[in-house]
Structure formats: structure tokens, C-alpha cells
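Working notes, structure below.
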Amino acid sequence: MAAFGTFTLLIALIVATYGGVASVVGARRRSLRLIESGRAAAYALAAILSLTSVAIVYAFVTHDYSIKYVQRYSDASSPLFYKITAYWGGLDGSILWWVFLLSVFSAIAIYSNRHRHKEIMPYVVATLMGIADFFLFIIVFHKNPFDTFLTQVPTTGEGLNPILQNAYMVTHPPSLYTGLVGMSIPYAFAMGALISGHLDDAWIAAVRKWTLLAWFFLAQGLTLGMLWAYEELGWGGFWAWDPVENAGFIPWLTGTAFLHSVMIQERRGMLKIWNFTLVILTFLLTIVATFLTRSGVVESVHAFGKDPKLAMMFGIFMATIVVVSFGFMIARLPELRSRARLDSWLSREAAFLVNNWILLFAAFFVLFATLFPTLSEAVTGQRIRVGEPVFNRWMVPIGIVLLFLTGVGPLIAWRKATPSHLRYQFTWPVTAAVTTLVTLIALGYSLQHWAAISCFSLCAFVTGTIVQEFARGASVRKRNTGSDVVTALLGMVLRGRRRYGGYVVHMGIVFMFLGWAGQSYKSEAETNMVPGAEFSIGKYVIKYSRLTHEEDRQKEMVTGELMLFKEGKELGRLRPAKWFFQKKPGEPTTEVAIHRSPVEDFYVTLGNYDFTEGTAALKVVINPLVDWIWFGFMMLAIGTGITLLPEAVLVPLAARAGVAPVGPTGAAGHARSADSGLATLLVFVGAAAVLLGGARTAYAAESPGRGHEADRQFLMSNIVCMCGCLRPLNDCGMINCGKHEAETAKVDELLGQGKSRDEIVASFIAEYGGQHILTAPLDKGFNRLVWALPYGFGIAGVGALAVGAWRFAKRAPVSEVAPTVAKAETELEDRLDDELDRIDS
């Protein structure tokens, strides 16, 4: 099997190279036979790499330990689906999985466009085959997953990393890879347009769905990663700005920017250069994400390890992408001029421009902060960690601004909004936001958590916007068609599926923001319990029964048995556990026990234990609103599905709903709907009060009211527990790990001696020999870059945005020869924009 796999890889490299060369030569010589031959090579590549994938999976399933990769990541006692997922569980296999997905996506994209875009398709094929060549070169000459042992063949496998033996890890990496690889298709079409010189909007129509699908799978991969971290790592959180997770988040940000800005090009013919730039950057960042995971330049529980040679190869490839892509774009700049101008800052175009700039700033900041430890090591010789305090300082306000813009965008008209239109559109959403804010303050929520309160209020604002859009559109359609409300709503969504599917996606984002904001009110505690003991936290009481021990072929399982009560009512039994895998006994996994509810999760993990006395150390976390994150993603998936509904599905659905196959719906009519707006407001305020009631109680139970508490909380969140978890002291997932207790005791001792924050931080730095003990670098010397550079980039971005807006706003002089014609064209554009705003599909 090893020989067969290696042979197919060599053939794949040859086929990919031929496909790219034949396509370019065919396009230059206008040889249809060569172009078709290149296209056939792309299909053949997908078939060959499918055989390669079957070979590696077969090797895992049959326990072929003569192959090094199989022996390193597989074990005969593992369940079948973990043997299959071991395919992408290591470095070599993950690169093969990357190029296999690329070959399949390329074949689908090329086949579906075989009769369209004939001028650009040869260059699309060449670009995709060039990307495949790079990864196949790495596999064949550096990271071949079919390499075999030269001497004695092991009889057993080492097994997959225990923390990867989780159901979410079966789906998380493939989803993330699908999103990353999927962004290659828009990039290839953009390069095809730039190389061929056919720079109309045809390439955008060809890649719109590909971009949305890739964006969705990136979102799904990130969400599944959060679920995995929440349920497997046992520290009570779901996102810690881990470098590898950041690597997937960065292209998601730029992809989001492209999906919004491309609407401006479709409707107004603007931002062509910007959209090409975003597509190139997004693809480049997917390669950066792949590079960060595999080169070892960042420290992460997900990273594969250091490989300087591989890092050099990726560096050359990324430099080539930058030079070639932007080189062609610069050459085509005269042909990429916009045919329209920005008419007003009070317009949807301007809102999208601001949204794009903020998304790009967020992507730049996350990338810079992720790479800062590597930069500091290269410049100063000391690796300085950048942790949650730095990321949260910037990303929390950025997230709040983006949430605000999510609600503003649909309310502002294209081209220019009038004061009366703004007043009409903003009345109910602003009323919902203000009422929610006042209600929360009246209920006693502290302004100390300004970000959470702002977030809840803006969630009300966005919800009011979305419900208002649905209510007014359905009302107009109901009046025009004479149908009932449900039929009118269904018909409106079917005809404007891009618009209303987007609103559903935005509603999912609102729910996710609710979950994120709820973390401001998280509370936690640790306790050592003996059988029969009880422990109270907030409204909850847990009663500890006993420890149990079980074994199977693969692992030992130590489980604590608990009963959970709330206000005297039994909620159920919880079984937190630790699993010790026989192949890797030094890497136990934490199996979390969670009681879920819409208000909050009750989350328990098992730490140290003693079978002699039956004692167990438990960590309890109350996570308010966290399940709204997962529910929000489901809404996002539904909205994406609505947007991607094909015409073959729409026709029968439209017939049932009484929707005409063509024609505008008038969904953006200006019918006043005060009752629906008031209902939206009351429902949201009521829901916020109910949901946050439990969260507020949990937070109040957390406050110990002790001296030095502000300093203690600061130090506990800024000093890293050195047990290896890389988490702050107040978030260490290893209960009674030794380091956690000793370092916490030292913090308390130094505070008791009257030491200041700076003195205590200096003491820890001196003890551990560097700033790696801190979650954020000190604001001095080279470290100031991590604080100052984002400010500089932000100021430069604002200046560039202002200059660009000023240039867009400069109107060309109207010809004196044909003023009537110019006026007629302007009026025609106005009417066209109005119709596009109504249809939006």
C-alpha cells in the first residue's frame, strides 16, 4: 500500500503540472485541444488523489504499521471513526487532505463553468494546478505520509493524541480545511480575470456561492473548535485566542469583508480594486493559517511542531503569491476604475466601507498579536507571550462596533439617505436598544461591565432592525398579493433569499454575541469533597456520592458521581471524569459534566482524587448564556442555506407560496408597522430580563469582598500558570496542579505584605527568568509595538479611508453639451438602485 500511495502522489504531481502548463499554452495559442486537455488533467488529479486518500485510509483501517504515519497516529484498539480521522491527525496527512480537497473543489468548479467564462477558465485551471503543485511538491519530497520503516516494523501503533479523540475533532478539522481550501476557488477566478484582462463582474458571479460556502465552513470549523475546547479541555471556556484558532479566524474576517463589499460592486460598479485585494488577501491568509499550524513558529496545543525547512518553503510560496497576484493587479489598475462615485457618507456604501476597514483592522491586529511572540524572540531573543488581556482590549470594542454596523447597514439607503428616511428607519431599533439599556441598569447591572451591557443593548438594536425588515416587507407583500401573512413572508424570503438569508445570518450573529457577552458574568469555584458532602454556589447545590473506576480496551476511566440541585429541586446526575489512555498514560483527558439550560450552563470537571478516602477535587463553573453561541451558529447555518437555495428548489416552493417566478416583490416598501416594532421591543426586553436574572445571581455569588481584590483579580488574570496549560492562574484547567496552588499562594502572600502590582509582577519575572510568565507583554521597549502599532495602523487606515472617500465623492463635471442626457442617466441610476434595493436577490 505504501508503494501504491507514493506512486499515485508522483503521478498526481506530474498531472497537476501538465494541467497548468497545457492550460496556459492553450490560452496563449488559442488551442481548444490544449485547453480541454488541461481541464481533463484537473479532473484526473481529483481521481488520482481520491485513490491516494483511499490508500491512506485503508492503511489505517488495516493497521499497516510499516507506514510511519500510520504507526504514529493509529492504534488497533481505537474506534473505526478515529482510525479514519487519523488521516488528518498529523502533519503529513493533513497536507495530503488539503490538496485532496483542493483537487475535488477544483474539479467541481471547473466542470460547473466548462461552458462559461471561456476567456478566463484556462488561467483559473492553471492557478488551481499551480497551488496543487506546491502542496504535492511538499508531500512528495518532504512530508510523504507513505514513508516506511527501513528496518524493523513495529507491531503496535502509538495512537492518536488523546485530546483529539473527541467527536468534535472528527468534524472540526475537516470543516476548517474545507473553508480554508474553498477560498482557493475565488482566488483562482480573480487571477483568471486579472491575467486574461476580462475584468467585468462575471468572475464575481462565478465565485459568489463558493465564497459563501467557504466562509460558512470556516465559521463551522471555528464553532466546532470552540465546542471542542469547551467540552474537552476542561478549563470552563471556549476561546482563548490560541494561535492556531486565530489562524482560521483571520481569513474569516477578510472573507466577511469581501462578502459585504462585493455587493457594492454588483450594484454600483465600485470597489473593484478593493475586492480583488480582499480576495487575494483572503487566499494568502489561508496559506498563512496552514503555515502557522505546520511550521512551528507559534506555540499551541494544535500545532504540529517545528520544521524550519517547511517554514522556508511556505515563506517562498507566500512571497510568490504576493508578487504575482499584486503584480497583475497593479498592471491592470487603469482598467479597474470604478464607474460610480460615493455620493454620501450617509449611505449603505459608506457603511460597508467602514465595516470593511474595521474587519481588515481586526484581521491585521489578530495576525500581528499572534506572531508577536515569534517577532520578539527574533529581535530580543526572548519569547514574550501575548494572551487574552491584549486581544480582549482591542477585540471587545471592535466586536461592539461591528455589531452596531450589523444593525445600521440594512437601515440606510443606497447612494444617499435623507433625514426623514433615517428617522423612519431608526425609530424602533433605537427605541429597542435604549429601552434594553435602561431596563438592565434598573435591574441593577453594574456599568463596570460596560462591554456586556453595550452588547446586550446593541443586540436589541440589531434584532429590532431585522424584525422590522421582515415585518414591513411581509406587510407590503400581503397587501399587494392579498395572501395571508405566512404565505407573504415565505414568498418574500424566496424571492429575496440573498437579502433575507443574510438577515437570518445576522440574527445568528446576534445570538452568538449574547453568549459572548454572558461570559462577563461567569463565576467559578474549586472544592475538595468527601463522599456525602455538599457544596453550594449561587442557587445550586451539588452532592458528591463516590468515585468509580472502569476500563475498556483503550483506556481507564475515573469518574465522580454527583447530584445537582437548584433551589431544592433535583436537576439530575453529573459524571465528570478523567480518562487515561494506555498508549499515552501521561496525557489524561478531562471529560466534563454539563447541565445545560438557556439561562446558563452548570459545568463541572474532576481534578485530583484519592481512591483510598474517596475524595475528589472539583472545579465548578457557571457559564451564563453560553448555549446561545451554539444556537446562534445554527441560525447562521439556516441563513446560509436560505441564501444558497438553488432555483430548482425555489420553483416548486414558489409555486406553493403563490410567488411569481420573476419580478420585484416590493419587500422594502415603507409601510409603517408600529405594532410589530413594539412587540419586538417587549419580547427582547423580557427575554433579556429573564435570561440575565440567573446570570446576575451567579455573578453576585462570586464576589468575595476581600481586600486587595482588584489587584488580586488583575494578577490572577495576567500571570500564567506554569503547569503547561498556558492559561492564566484564574483559568487553569488543571485542578490542584501544584503550580496553580503555589503561584496563587505566592500572589496572596505578596499582597498581604503590601506589595504593589508592579512589584509582584517583577517578582514573578525574576523567579521564572522572563516575561513568558505573563499573559501580556510589559508596555516598554520592543514590547510597545504590540500596543502602539495597532494605533498607528488604525490612524493610517482612517486617513486612507478619508482620502478614498474624498476622491470617491469628487464628482466629475457635467458636460455642458449634453446636460439633459447626464440628468436622465442619473435619474435612471436612481430608479435602478431603488429596484435593486427592493429585490436584493
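For the subset of the stretch 232-266 comprising residues that are charged (D, E, K, R) and either over 20 Å from GLU335 (Cβ atoms) or open to solvent by less than 10 Å² (accessible area, probe 1.4 Å) (or both), which member is modelled with the highest pLDDT?
The selected residue is GLU245.
Would you confirm, using the coordinates I've provided, whether SER66 is more than 26 Å from PRO308 (Cβ to Cβ), small (Gly, Ala, Ser) and open to solvent by 10 Å² or more (accessible area, probe 1.4 Å)?
For SER66, the condition - more than 26 Å from PRO308 (Cβ to Cβ), small (Gly, Ala, Ser) and open to solvent by 10 Å² or more (accessible area, probe 1.4 Å) - is met.
When you go through (1) open to solvent by less than 30 Å² (accessible area, probe 1.4 Å); (2) farther than 23 Å from LEU564 by Cβ one by one for ALA617, which number turns out not to apply?
Unmet condition: (2).
Would you confirm whether or not the stretch 366-379 contains a residue that is at negative phi, buried (at least 19 other Cβ atoms within 10 Å of the Cβ), polar (S, T, N, Q) and part of a helix (DSSP H, G or I)?
Looking for residues that are at negative phi, buried (at least 19 other Cβ atoms within 10 Å of the Cβ), polar (S, T, N, Q) and part of a helix (DSSP H, G or I), one finds at least one in the stretch 366-379, hence yes.
Given the criterion under 30 Å from THR127 (Cα atoms), assigned to a helix (DSSP H, G or I) and of a type outside the set (D, E, K, R), identify the matching residue among VAL408, VAL324.
VAL324
Can you tell me which residue within the stretch 102-116, out of those that are surrounded by fewer than 23 Cβ atoms within 10 Å (Cβ to Cβ) and in contact with a Leu (Cβ under 9 Å, 6 or more places away or on another chain), is nearest to ILE35 (Cα to Cα)?
Looking at residues that are surrounded by fewer than 23 Cβ atoms within 10 Å (Cβ to Cβ) and in contact with a Leu (Cβ under 9 Å, 6 or more places away or on another chain), I get ALA107.
Residue under question is ALA229, and the condition is that it be part of a helix (DSSP H, G or I) and either in contact (Cβ under 8 Å) with a residue 40 or more places away in the chain or more than 21 Å from THR605 (Cα to Cα) (or both); does it hold?
Here the answer is no, as ALA229 does not meet what is asked.
Only one residue in TRP579, TRP630 is touching a residue at least 12 places away in the same chain (Cβ under 8 Å) and open to solvent by 50 Å² or more (accessible area, probe 1.4 Å). Which one?
Among TRP579, TRP630, only TRP579 is touching a residue at least 12 places away in the same chain (Cβ under 8 Å) and open to solvent by 50 Å² or more (accessible area, probe 1.4 Å).
Among residues belonging to the stretch 411-444 that are of a type in the set (A, V, I, L, M) and closer than 20 Å to TYR503 by Cα, point out the one that is surrounded by the fewest Cβ atoms within 10 Å (Cβ to Cβ).
Here the residue is LEU422.
Condition test on VAL170, is it in a helix (DSSP H, G or I) and crowded, with 24+ Cβ neighbours inside 10 Å?
Against the criterion (in a helix (DSSP H, G or I) and crowded, with 24+ Cβ neighbours inside 10 Å), VAL170 does not qualify.
Since THR590 meets every condition but one in (1) touching a residue at least 24 places away in the same chain (Cβ under 8 Å); (2) more than 26 Å from SER717 (Cβ to Cβ); (3) among the polar types (S, T, N, Q), which condition does it not meet?
(2)
Being part of a helix (DSSP H, G or I), under 27 Å from LEU359 (Cα atoms) and among the hydroxyl-bearing types (Ser, Thr, Tyr) is the requirement here; does THR463 meet it?
Taking the combined requirement at face value, the residue satisfies it.
Please find, among GLU526, GLU534, the residue that is surrounded by fewer than 21 Cβ atoms within 10 Å (Cβ to Cβ), without any contact (Cβ under 8 Å) to a residue 12 or more places away in the chain and closer than 30 Å to THR615 by Cα.
After ruling out the rest, the residue left standing is GLU534.
Can you name the residue in the stretch 380-405 that is assigned to a helix (DSSP H, G or I) and among the charged types (D, E, K, R) and is also farthest from THR463 (Cα to Cα) among such residues?
The extreme case among them is GLU388.
Does any residue of the stretch 324-334 turn out to be touching a helix residue (DSSP H, G or I) at 6+ places or on another chain (Cβ under 9 Å), under 28 Å from TRP394 (Cβ atoms), modelled with pLDDT of 90 or more and of a type in the set (Phe, Trp, Tyr)?
Yes, the conditions are met somewhere in the stretch 324-334.
Based on what the data block shows, is ILE95 surrounded by 21 or more Cβ atoms within 10 Å (Cβ to Cβ) and modelled with pLDDT under 95?
So ILE95 passes the test.
Looking only at strands (runs of 3 or more DSSP E) that fall completely inside the stretch 474-561, which ones have 3 or more residues that are modelled with pLDDT under 90?
It comes to 523-529.
So which of GLU119, GLU158 is closer than 30 Å to ARG28 by Cα, open to solvent by 20 Å² or more (accessible area, probe 1.4 Å) and more than 26 Å from the chain's Cα centre (by Cα)?
None of the others qualify; the one that does is GLU119.
Name the one entry in GLY197, GLY182 that is on the phi > 0 side of the Ramachandran plot and touching a residue at least 12 places away in the same chain (Cβ under 8 Å).
Exactly one of GLY197, GLY182 is on the phi > 0 side of the Ramachandran plot and touching a residue at least 12 places away in the same chain (Cβ under 8 Å), namely GLY197.
Give, as residue ranges, the strands (runs of 3 or more DSSP E) completely inside the stretch 562-643 that count at least 3 residues that are closer than 20 Å to ALA517 by Cα.
Those strands (runs of 3 or more DSSP E) span 600-610, 615-624.
Take GLN554 and tell me if it is over 14 Å from GLY234 (Cβ atoms), open to solvent by 50 Å² or more (accessible area, probe 1.4 Å) and in contact with a strand residue (DSSP E or B) (Cβ under 8 Å, 6 or more places away or on another chain).
In short, no.
The values are calculated or read from the model by the stated rules, or taken from the named source; none is laboratory data. If you're wondering where the values come from, they're calculated on a predicted model, not measured in any experiment. With ideal geometry, Cβ positions are generated from the backbone for all residues, glycine too; neighbour counts draw on all protein chains shown. Only protein heavy atoms, including side chains, enter the accessible area calculation; ligands, DNA and RNA are left aside. Shrake-Rupley method; radii C 1.70, N 1.55, O 1.52, S 1.80 Å.
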